[in-house]
Amino acid sequence: QVQLVESGGGLVQAGGSLRLSCAVSRSLRSFVSMGWYRQAPGKQRELVALIISGGNTNYADSVKGRFTISRDNAENTVNLQMNSLKPEDTAVYYCKAVTLGYNYWGQGTQVTVSS
């Protein structure tokens with residue numbers, strides 16, 4: 001069973017930064033892709049950033065230029081650096097790991113951006 005544990009969420013003022021981390025219980029090389037998603041109250045869960053096994057990345061238009069996804073294969077972590085945060089970035093952020101045929105999710109970490 002694969003476990004994903006997110007950390008780094010919290011309360012920050014608009015314009016501030018946070019760095020989320022997702023600790024994975026298996027080598028990142030096991031996964032086709034790793035991603036960060038978020039879900040705000042009353043809204044559907046949405047993709048924030050994705051990194052695939054080859055290293056290519058994709059971002060939601062709303063976070064391009066502000067967020068950066070990265071992975072540390074030695075530490076089995078996937079990170080999300082979030083800069084220039086906005087109140088609309090407030091959500092629970094989830095880490096997701098994808099293998100052939102199965103998706104794994106973390107429990108989520110709350111990010112709250114005050115105006």
Q: For V48, indicate whether it is assigned to a strand (DSSP E or B), open to solvent by less than 30 Å² (accessible area, probe 1.4 Å) and touching a Lys or Arg at 6+ places or on another chain (Cβ under 6 Å).
A: yes
Q: Could you give me the residue pairs with C-beta distances under 7 Å whose first residue belongs to the range 62-73 and is assigned to a loop (DSSP other than H, G, I, E, B), whose second residue is modelled with pLDDT of 95 or more and of a type outside the set (D, E, K, R) wherever it lies, and which are 6+ apart or on separate chains?
A: V63/V48; V63/A49; R66/M82; R66/N83; R66/S84
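Can you tell me which residues in the range 1-45 are under 17 Å from K96 (Cα atoms) and of a type in the set (S, T, Y)?
Scanning the range 1-45 gives S7, S21, S25, S27, S30, S33, Y37.
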Q. Can you tell me how many residues in the range 1-17 are under 12 Å from V111 (Cα atoms) and in a loop (DSSP other than H, G, I, E, B)?
A. 5
Q) Only one of these conditions is not met by Y94: (1) assigned to a strand (DSSP E or B); (2) touching a residue at least 12 places away in the same chain (Cβ under 8 Å); (3) out of contact with any Gly (no Cβ under 6 Å at 6 or more places or on another chain). Which number is it? A) (3)
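Whether any residue in the range 31-38 is under 20 Å from K64 (Cα atoms) and assigned to a loop (DSSP other than H, G, I, E, B) is what I want to check.
Going residue by residue through the range 31-38, those that are under 20 Å from K64 (Cα atoms) are 33-38.
Then drop every residue that is not assigned to a loop (DSSP other than H, G, I, E, B), which leaves none.
For the range 31-38, residues under 20 Å from K64 (Cα atoms) and assigned to a loop (DSSP other than H, G, I, E, B): absent.
Any residue in the range 18-30 that is part of a loop (DSSP other than H, G, I, E, B) and open to solvent by less than 60 Å² (accessible area, probe 1.4 Å)?
Taking the range 18-30 and keeping what is part of a loop (DSSP other than H, G, I, E, B), we get 25-27.
If we keep only those that are open to solvent by less than 60 Å² (accessible area, probe 1.4 Å) as well, we get 27.
Yes.
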**Q.** Tally, over the range 82-115, of residues that are surrounded by fewer than 16 Cβ atoms within 10 Å (Cβ to Cβ) and of a type outside the set (S, T, Y)
**A.** 10
Q.
So in the range 97-115, with the set limited to residues that are assigned to a strand (DSSP E or B) and of a type in the set (G, A, S), which one is nearest to the chain's Cα centre (by Cα)?
A. A97
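The values are calculated or read from the model by the stated rules, or taken from the named source; none is laboratory data. Here the structure is a predicted model, which is why all the values come from computation and not from measurement. Cβ: placed from backbone, ideal geometry, glycine included. Neighbour counts: every protein chain shown. Remember, those area values only see protein heavy atoms, side chains included, never the ligands or the DNA or RNA. Shrake-Rupley method; radii C 1.70, N 1.55, O 1.52, S 1.80 Å.
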